[in-house]
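Bear in mind these aren't lab numbers, they're just calculated from the coordinates by the rules spelled out. All figures in this text were calculated on a predicted structure; none of them were measured in a lab. Because the Cβ atoms are built from the backbone with ideal geometry, glycine has one as well, and the counts that use them run over all protein chains shown.
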Amino acid sequence: MTCCCPCVTFGQNAEVIDKGNTSCACAGITVYCLAHIGCACLYTFTYRGKLRGLFTYLPERPCYDFCVHCFCNYCAICQEYRELKNRGFDPSLGWSGNEQKMNKATLVPPNVAKGMAR
């Protein structure tokens, strides 16, 4: 998906990273327009830093965020998508879908063995 239409994958990532403050469509269209003038990496690299802010122990390696996005933008977007997936998010659901998924997961009562005596 990212190879053919990176703006969609990035939009999905951005919506989850911004916790719904930026829509998938808005971020995707922004990247699409910036890609036509050759500077999409100036926008996309900022979300890598935001992702690191959400998960404080993500290292800035193998090089700085800007360099990763400048030289291998598609790979960086895929890596961020995979990182969100590994952390329990599904960027394809959008922020509201992930929020509902998290709420369902927290509302499940714990299993208690039947017939426990005091």
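What to note about this one:
- Taking segment 19-73 as the range and being part of a helix (DSSP H, G or I) and of a type in the set (S, T, N, Q) as the test, the residues that pass are THR30, THR44, THR46, ASN73.
- Criterion violated by LEU84 - all others in (1) crowded, with 19+ Cβ neighbours inside 10 Å; (2) free of Cβ contacts under 8 Å to residues at least 40 places away in the same chain; (3) not hydroxyl-bearing (Ser, Thr, Tyr) satisfied: (2)
- Residue in segment 53-70 that is of a type in the set (Ser, Thr, Tyr), under 15 Å from the mean Cα position of the chain (by Cα), closer than 17 Å to ASP18 by Cβ and surrounded by fewer than 16 Cβ atoms within 10 Å (Cβ to Cβ) present: no
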